1. Under 27 Å Cα-Cα from LYS123, which lysines qualify once same-chain neighbours fewer than 8 residues away are excluded?
2. What's the angle, to the nearest 10 degrees (0 to 90), between helix 154-170's Cα axis and the longest principal axis of the chain?
3. From the convex hull of the Cα coordinates of the range 78-152, what is the mean projected area in square nanometres?
4. Starting from the Cα gyration tensor of the range 65-199, take the square roots of the eigenvalues, sort them a ≥ b ≥ c, and report rounded, prolate or oblate (rounded when a/c is under 1.5, otherwise prolate if a/b is larger than b/c, else oblate).
5. Give me the mean projected area, in nm² to one decimal, of the convex hull enclosing the Cα positions of the chain.
6. Calculate the radius of gyration of the Cα atoms of the range 138-185 to one decimal place, then report Dmax, the largest Cα-Cα distance, as a whole number, both in Å.
Amino acid sequence: VFEHSWQLLSEEQRASFQRLSIFRGGFTRQAAEQIAGVNLTMLAEFMSKSLIRQSVEGRYDIHGLLRQYAQEQLSLDSEEQQAVKENHSRYFAHFLQERRDALDREQTPQLRDEIRPDISNLKDAVNHAFRIWEEAEALGFMRDFCAFYRSTNYYEGLDVLRQISRGLRDDGIEMELGSPRGTMLLAITAFECAFESSLGSSEHKQVAEDILPILRETELTPELANCLLALGCYRVFSSDYSTAIANLSESTSL
């Protein structure tokens, strides 16, 4: 049924709608223009054709089946698809980076309302970054991503980190120095341990102990601090208070 409607769109409209399919969980007018090159006039045309909807908050959304169809069309041009994914990741990395200072000051209620609607977009963006970007850029994005979850929802943050690390492992990536993807997996694992320990679990205690000496050989200071934080918490759980104090003090100093 939609194939007929699709053919009635102009070539420009089809290309624009395909690019909008990159969004998951909705999008703002600014994001549509900067990521997909779709201006307000084109958005209005799509609304008049019932291809997109607008909420009372002003965000736009595409019905799941229409989005799926548009994604399939976009995938036929792999170069265009990768370009849109890259634009999407860059936009949301900058979006989060701009709010990092406020995250560090724990201005959570206001930020949660501002960032939460785009959490699905952020998840997709950070996943793309870890597979495509240079190590330093991807790590910076992940640190901002973790700062958001640390200020809002440890449980969801831990779940997302596990999904990302599982995806890297499924791609055959191993934690090792000298490999950009291996370094990223190492960094994610350190944050996983920190989030887990902050929730009172010690499931990955041995993992934290194993990666600590590796992290000491790197310049991954935030990740080393988080690994030490996790170890400090684990040792509090086992009543090893003297070692816990040493780990936590070093973590704080970093």
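1. LYS85, LYS205
2. 80 degrees
3. Details: hull surface 18.9 nm².
In nm², the orientation-averaged hull projection of the range 78-152 is 4.7.
4. Oblate shape, in that a/c is at least 1.5 and b/c is the bigger or equal ratio.
5. Values: hull surface 60.5 nm².
For the chain, the mean projected area of the Cα convex hull comes to 15.1 nm².
6. Rg then Dmax for the range 138-185, in Å: 11.6, 33.
All of the numbers you see were taken from the coordinates with simple rules; none came from a lab. Just so it is clear, the model here is predicted, and its values are computed rather than measured.
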